[in-house]
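Novice: For reference, the structure I am asking about is given below.
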């Protein structure tokens, strides 16, 4: 065992006051994806990020039914077996929380304090929604399609079942699925057992878990999670912009080995093949860049094909760590709609849509590589 | 949707200053088990608590081998197939982090800031260790058995592979397993793929993940995680008591529905069947008690049988919430070795072995039950 000096760099992590007990309660319940899990094309079960607003509800598959009603001519009530008997699609989809990166804002909006790793890329299996809407006979004048979960709670004084809507046009897109399996297995409780909606390209709040009803409306849906929450607003009371599709983001697997408490990385001098993933819900990723000087100079990373149009793309960069010292590694993604990750956070009331470039503190040169475990014999 | 007043009770959660950025980094990586998951006898994959000191290492099962060496007459090198070909045992085992409850201490030890839910109860499948030690021919004078993982990092200045040891007597107990499956499936990366040790009854730090070698020693093992970390010490520099088996603890599924940010619970007036689990690594659970007044008056809960001697026991209590108002629900476990959960935390330098009674803030009477989802139609 060697003595090394751990660098304290976490002071640069967040600039507003320390995390409150309320935020901690959310942080120990929910979890992001440890960045080393970026090495997997498909995120193994248990590593995908999770944000559960209220409680995971107890649901029995045998009692479960989904109703499709509202402004339709032929309301449907479907069992889980009915849904599984329909045409099935399997799709790799990257999901990211709209609040990813929130904890880096100052002042920090009070909610789940994500640092930047609230993401995952799973293979979802389900049946497309559009043919079901067609069977139910959406009537003229339909506006929104409301997805209601079996999870209930209180948020900002509003007692509610978790509900989100899509416009009829968005809900009718062919990639929107009612999913009952993840990575080839039935949904586990925390991912929405037995059924959830998957809306590829959109931030996580859209993918309603524990789905129990789909309601077509002839007026705009005004539920809490739709019109109060999930808006980009910089001033209290303004209408703001609704949060929809994911901004581009690239993340890297931090190279080297971590210090337990600071998470500072230590690497050897030499060439390191740095890898990561990049995604966007607003276009295809066309460029990922890498920097080892905190974002002053950028170099193009190599990009690989994605498993689906809605799945992240792997990227690699051979980083030549030539000198001992401290480095700030960064990654930056650009999509074909022209969206580029900004260098800094964009403050807003809810702390949504933040996709500032990732920054990883690395020390080159210490400690020396220790090839074998300490042997107690 | 109804307007209700969310109670701010989290101020009673932790009494020392707010959580630092370093603690937050650990809190968003690792996660406890959401308390509603106490409803499952066997914790579904992805809900079991996780504490990963360094990074999850990349391991290929085909390259993997386990060496059993050191103070033995016939060192062994085993492939994963070799291990799977041996006699297999499946055992339900409750695992809890030794630092569970740490965030409630004041001043708060700097490490993973657990509130009290760092637990899980999985079914582990593996082969008993004792016959392997016998095959390897442990030589006379053997003292400890050291388990070394493939995960490396730096902690308090010490560059190390994660390592823990057991005395030869403890390592030779029949319930100690080398496990390659959880809940009937191969270990996922975060639980130690492809192999870990399971030491039923002991706190989590003992169950070394990503196990690559077992080394019998003829002197006492002095690795960082064995002699520096995981001791109950109240004064810097004292020898202290090593952390070994789990203290008794009971936890309940918080009844009612939560407020998003405070996690305060709201329930209706009337009888509520409260359920939970209780376990101890120091004896069998013989009593669980319930209180609705913060622990002044206690009533006995009903106890069910456990799935194995090392698995938690389910308990239930019919709580009659007769009056509107605020309540503090508590649960308290006693084992047959006479260990009882204390009312308050016991401060120590590392924040280990805390098993103070759980306290759940509940408001009876508001909001009114909302039977149907808001319908946007």
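The values are calculated or read from the model by the stated rules, or taken from the named source; none is laboratory data. In this text, all values refer to a predicted model and were calculated from it rather than measured experimentally. Note: ideal-geometry Cβ built from the backbone for every residue, glycine included; neighbour counts use all protein chains shown.
Novice: Out of the residues in segment A:294-317 that are in a strand (DSSP E or B) and in contact (Cβ under 8 Å) with a residue 40 or more places away in the chain, which is surrounded by the fewest Cβ atoms within 10 Å (Cβ to Cβ)? Steps first, answer last, please.
Specialist: Of all residues in segment A:294-317, those in a strand (DSSP E or B) come to A:299-300, A:302-306, A:313-317.
Add one more test, that the residue is in contact (Cβ under 8 Å) with a residue 40 or more places away in the chain, and what stays is A:306, A:314-317.
Working: A:306: 20, A:314: 20, A:315: 26, A:316: 16, A:317: 21.
Among those that are in a strand (DSSP E or B) and in contact (Cβ under 8 Å) with a residue 40 or more places away in the chain, it is A:316.
Novice: Condition test on residue A:142, is it modelled with pLDDT under 95 and either under 22 Å from residue A:245 (Cβ atoms) or in contact with a helix residue (DSSP H, G or I) (Cβ under 6 Å, 6 or more places away or on another chain) (or both)? Give the steps one after another, and end with the answer.
Specialist: Numbers: modelled with pLDDT under 95: no; either under 22 Å from residue A:245 (Cβ atoms) or in contact with a helix residue (DSSP H, G or I) (Cβ under 6 Å, 6 or more places away or on another chain) (or both): yes.
Against the criterion (modelled with pLDDT under 95 and either under 22 Å from residue A:245 (Cβ atoms) or in contact with a helix residue (DSSP H, G or I) (Cβ under 6 Å, 6 or more places away or on another chain) (or both)), residue A:142 does not qualify.
Novice: Now a separate question. Pick out the one residue from A:225, A:160 that is facing chain B (nearest Cβ under 9 Å) and farther than 21 Å from residue A:311 by Cβ. Spell out how you get there, then give the answer.
Specialist: Values: A:225 fails: facing chain B (nearest Cβ under 9 Å).
One residue alone meets the criteria, A:160.
Novice: Same structure again: Take segment A:163-183 and flag every residue that is within 11 Å of chain B (Cβ to nearest Cβ) and under 23 Å from residue A:87 (Cα atoms).
Specialist: If the condition is that a residue be within 11 Å of chain B (Cβ to nearest Cβ) and under 23 Å from residue A:87 (Cα atoms), then A:182, A:183 are the ones that fit.
Novice: Among residues belonging to segment A:1-29 that are assigned to a loop (DSSP other than H, G, I, E, B), at the interface with chain B (Cβ under 7 Å from one of its Cβ atoms) and in contact with a strand residue (DSSP E or B) (Cβ under 6 Å, 6 or more places away or on another chain), point out the one that is modelled with the highest pLDDT. Steps first, answer last, please.
Specialist: Within segment A:1-29, the subset assigned to a loop (DSSP other than H, G, I, E, B) is A:1, A:4-9, A:13-18, A:20.
Filter again for at the interface with chain B (Cβ under 7 Å from one of its Cβ atoms), leaving A:1, A:4-6, A:13-14, A:17-18, A:20.
Cutting the leftovers down to in contact with a strand residue (DSSP E or B) (Cβ under 6 Å, 6 or more places away or on another chain) gives us A:1, A:4, A:6, A:18.
On the way: A:1: 35, A:4: 37, A:6: 33, A:18: 84.
That would be A:18.
Novice: Considering only segment A:191-199, I want to know if a residue exists there that is in the same structural domain as residue A:93 (by TED's automatic domain parsing), in a strand (DSSP E or B) and more than 19 Å from residue A:98 (Cα to Cα). Walk me through it before giving the result.
Specialist: To start, the set of residues in segment A:191-199 that are in the same structural domain as residue A:93 (by TED's automatic domain parsing) comprises A:191-199.
After this cut, where a residue has to be in a strand (DSSP E or B) as well, the list is A:196-198.
Then keep just the ones that are more than 19 Å from residue A:98 (Cα to Cα); that gives none.
Looking for residues that are in the same structural domain as residue A:93 (by TED's automatic domain parsing), in a strand (DSSP E or B) and more than 19 Å from residue A:98 (Cα to Cα), one finds none in segment A:191-199, hence no.
Novice: Is it the case that segment A:124-142 has a residue that's within 9 Å of chain B (Cβ to nearest Cβ) and surrounded by 22 or more Cβ atoms within 10 Å (Cβ to Cβ)? I'd like the intermediate steps shown before the answer.
Specialist: Of segment A:124-142, the ones within 9 Å of chain B (Cβ to nearest Cβ) are none.
Scanning segment A:124-142, I find no residue that is within 9 Å of chain B (Cβ to nearest Cβ) and surrounded by 22 or more Cβ atoms within 10 Å (Cβ to Cβ), so the answer is no.
Novice: Give A:229, A:250 a once-over and let me know the one that is within 16 Å of residue A:98 (Cα to Cα) and assigned by TED's automatic domain parsing to the domain that holds residue A:350. Explain how you work it out, then say what you get.
Specialist: On the way: A:229 fails: assigned by TED's automatic domain parsing to the domain that holds residue A:350.
None of the other options fit; the residue is A:250.
Novice: Cβ-Cβ under 6 Å, sequence separation 6+ or interchain: first residue in segment A:187-205 and within 14 Å of chain B (Cβ to nearest Cβ), partner assigned to a helix (DSSP H, G or I). Which pairs?
Specialist: Qualifying pairs under 6 Å: A:194/A:80.
Novice: Does residue B:253 satisfy the condition of being facing another protein chain (nearest Cβ under 10 Å) and closer than 23 Å to residue B:328 by Cα? So that I can check it myself, show each step before the final result.
Specialist: On the way: facing another protein chain (nearest Cβ under 10 Å): yes; closer than 23 Å to residue B:328 by Cα: yes.
So residue B:253 passes the test.
Novice: If you don't mind, another one. Please pick out the residue among B:50, B:78, B:66, B:91 that is facing chain A (nearest Cβ under 8 Å) and under 25 Å from residue B:163 (Cβ atoms).
Specialist: Answer to the check: B:50.
Novice: Right, another one. Quickly run through segment B:209-222 and pick out the residues that are part of a loop (DSSP other than H, G, I, E, B) and within 11 Å of chain A (Cβ to nearest Cβ). Reasoning before the result, please.
Specialist: Of the residues in segment B:209-222, the ones part of a loop (DSSP other than H, G, I, E, B) are B:209-210, B:218-222.
B:218, B:219, B:220, B:221, B:222, listed by residue number.
Novice: Right, something else. Which residue out of A:222, A:170 is assigned by TED's automatic domain parsing to the domain that holds residue A:77, out of contact with any strand residue (DSSP E or B) (no Cβ under 7 Å at 6 or more places or on another chain) and without any contact (Cβ under 8 Å) to a residue 12 or more places away in the chain?
Specialist: Values: A:170 fails: without any contact (Cβ under 8 Å) to a residue 12 or more places away in the chain.
Of the residues listed, the single one that is assigned by TED's automatic domain parsing to the domain that holds residue A:77, out of contact with any strand residue (DSSP E or B) (no Cβ under 7 Å at 6 or more places or on another chain) and without any contact (Cβ under 8 Å) to a residue 12 or more places away in the chain is A:222.
Novice: I'm checking my understanding of the structure. Among residues of segment A:150-163 that are within 20 Å of residue A:30 (Cα to Cα) and in contact with a strand residue (DSSP E or B) (Cβ under 6 Å, 6 or more places away or on another chain), which one is surrounded by the most Cβ atoms within 10 Å (Cβ to Cβ)?
Specialist: If we take residues in segment A:150-163 being within 20 Å of residue A:30 (Cα to Cα) and in contact with a strand residue (DSSP E or B) (Cβ under 6 Å, 6 or more places away or on another chain), then A:154 is surrounded by the most Cβ atoms within 10 Å (Cβ to Cβ).
Novice: Which one of these is in contact with a helix residue (DSSP H, G or I) (Cβ under 7 Å, 6 or more places away or on another chain) and within 26 Å of residue B:121 (Cα to Cα): B:253, B:257, B:274?
Specialist: Details: B:257 fails: in contact with a helix residue (DSSP H, G or I) (Cβ under 7 Å, 6 or more places away or on another chain); B:274 fails: in contact with a helix residue (DSSP H, G or I) (Cβ under 7 Å, 6 or more places away or on another chain).
None of the other options fit; the residue is B:253.
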